[in-house]
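The values are calculated or read from the model by the stated rules, or taken from the named source; none is laboratory data. Just so it is clear, the model here is predicted, and its values are computed rather than measured. Cβ: placed from backbone, ideal geometry, glycine included. Neighbour counts: every protein chain shown.
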Amino acid sequence: MKTYNYLLNTIESKGAAYLVLLDPDKISDAKLIPFIRHCEKSGADGFLIGGSLLINGDIDSFIEKIKIESSLPAIIFPGSINQISSIADAILFLSVISGRNAEHLIGKHVMASPIIKRAKVEPISTGYILIESGVTTTAVYMSGSLPVPRNKPEIAAATALAGEYLGMKLIYLEAGSGAQDSVPDEMVRAVSEECSVPVIVGGGIRDPQTARKKVENGASVIVTGNFFEDENNWYLIKDFANAVHLKLPVEV
């Protein structure tokens, strides 16, 4: 559990961890290497790699480029069972516990687990909870499940606790790529207070102040993704890292 322990240690030492999501379909090779270098230099703690479809990207070569350029962990954030690579440091073994679609609760996992074992990539059991975000996100559409209503933090908290009791090591509150609204702070707080495992929050986080509020309300890991597909936003990565790392002095 090398990567999982790294996340726990980072959360303990920095107050929270900051991960940057990379979608092989949405970042060109020309931009990938300078972006990776910039993320590491700016204080990011690791990378999530994956996408809902992965139409054009080759995940093995994509991760290989990341591993060559960075010492940060490369963690697969899979959208399907073809997004598994032995080159990665770990894979989030996601179960969509907010939904009732059996394929995304356990079905796909039965097919993926032998592949993951053969690949010798570290699986991190993760309860994935989709949250209503103002739009129908790709994650909601592809999973065929309803998200938890934004005004029902108690449902999210009970769902997350059930995931923890089922043995999941992380809880991921997901507003979704391109979300209009991020996960409500009240919901982040309710889930974090109910659970003892780290809570990841992603989707719709477009400024450091929003990231900071998620951490102040109990989030242990913050994920940003498509916001940085625009190169004009890259300069903010250090500000995001500073906002997330509550226990560290602000770097300039």
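Can you find a residue that is of a type in the set (K, R), under 21 Å from P78 (Cα atoms), modelled with pLDDT of 95 or more and in contact with a helix residue (DSSP H, G or I) (Cβ under 9 Å, 6 or more places away or on another chain) anywhere in segment 160-170? Within segment 160-170, one or more residues are of a type in the set (K, R), under 21 Å from P78 (Cα atoms), modelled with pLDDT of 95 or more and in contact with a helix residue (DSSP H, G or I) (Cβ under 9 Å, 6 or more places away or on another chain). No other residue among A30, A44 is farther than 15 Å from E229 by Cβ, among the small types (G, A, S) and out of contact with any Pro (no Cβ under 6 Å at 6 or more places or on another chain) apart from A44. Condition test on N232, is it without any contact (Cβ under 8 Å) to a residue 24 or more places away in the chain and not hydroxyl-bearing (S, T, Y)? Judged against the criteria, N232 is a match. Kindly indicate whether any position in segment 116-124 is in contact with an Asp or Glu (Cβ under 8 Å, 6 or more places away or on another chain) and modelled with pLDDT of 95 or more. Yes, there is a match, as at least one residue in segment 116-124 is in contact with an Asp or Glu (Cβ under 8 Å, 6 or more places away or on another chain) and modelled with pLDDT of 95 or more.
Residues are listed down the side, and each one gets a yes or a no for (1) assigned to a helix (DSSP H, G or I); (2) on the phi < 0 side of the Ramachandran plot; (3) buried (at least 19 other Cβ atoms within 10 Å of the Cβ):
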{"position": "S52", "(1), (2), (3)": "no, yes, yes"}
{"position": "I55", "(1), (2), (3)": "no, yes, no"}
{"position": "D60", "(1), (2), (3)": "yes, yes, no"}
{"position": "S71", "(1), (2), (3)": "no, yes, no"}
{"position": "I81", "(1), (2), (3)": "no, yes, no"}
{"position": "F93", "(1), (2), (3)": "no, yes, yes"}
{"position": "H104", "(1), (2), (3)": "yes, yes, yes"}
{"position": "S113", "(1), (2), (3)": "yes, yes, no"}
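Mind counting the residues in segment 202-227 that are in a loop (DSSP other than H, G, I, E, B), in contact with a helix residue (DSSP H, G or I) (Cβ under 7 Å, 6 or more places away or on another chain) and either of a type in the set (D, E, K, R) or touching a residue at least 60 places away in the same chain (Cβ under 8 Å) (or both)? Within segment 202-227, residues that are in a loop (DSSP other than H, G, I, E, B), in contact with a helix residue (DSSP H, G or I) (Cβ under 7 Å, 6 or more places away or on another chain) and either of a type in the set (D, E, K, R) or touching a residue at least 60 places away in the same chain (Cβ under 8 Å) (or both) number 3.
Scanning segment 127-155 for residues that are surrounded by fewer than 22 Cβ atoms within 10 Å (Cβ to Cβ) and either within 27 Å of N5 (Cα to Cα) or among the small types (G, A, S) (or both) yields G134, G144, S145.
Need pairs with beta-carbon distance below 7 Å; first residue in a helix (DSSP H, G or I) and within segment 25-39, second of a type in the set (A, V, I, L, M, F, W, C); sequence gap 6+ or separate chains. Hits for this filter: F35/I27; F35/W234; I36/I66; H38/W234; H38/I237; C39/V20; C39/I237.
Considering G218, G167, the condition of being surrounded by fewer than 19 Cβ atoms within 10 Å (Cβ to Cβ), farther than 17 Å from V20 by Cβ and of a type outside the set (A, V, I, L, M, F, W, C) is satisfied by G167 alone. For segment 170-191, taking the residues that are acidic (D, E) and farther than 25 Å from G51 by Cα, the one that is surrounded by the most Cβ atoms within 10 Å (Cβ to Cβ) is identified as D185. Residue count for segment 96-126 under the criterion of being over 22 Å from Y6 (Cα atoms) and either in contact with a His (Cβ under 7 Å, 6 or more places away or on another chain) or of a type in the set (K, R) (or both): the result is 4. Checking segment 228-235 against the condition returns a match, with at least one residue being outside any helix (DSSP H, G or I) and within 18 Å of L22 (Cβ to Cβ). Scanning segment 221-244 for residues that are over 18 Å from Y4 (Cα atoms) and crowded, with 20+ Cβ neighbours inside 10 Å gives T224, G225, F228, I237, F240, A241, N242, A243, V244. Filtered by the rule that a residue be in contact (Cβ under 8 Å) with a residue 40 or more places away in the chain and either within 19 Å of G134 (Cβ to Cβ) or touching a helix residue (DSSP H, G or I) at 6+ places or on another chain (Cβ under 9 Å) (or both), segment 192-201 gives a lone residue, P198. When the residues of segment 50-73 are narrowed to those that are in contact with a Pro (Cβ under 7 Å, 6 or more places away or on another chain) and within 18 Å of I124 (Cα to Cα), which ends up modelled with the lowest pLDDT? So, considering only residues that are in contact with a Pro (Cβ under 7 Å, 6 or more places away or on another chain) and within 18 Å of I124 (Cα to Cα), the one modelled with the lowest pLDDT is G51.
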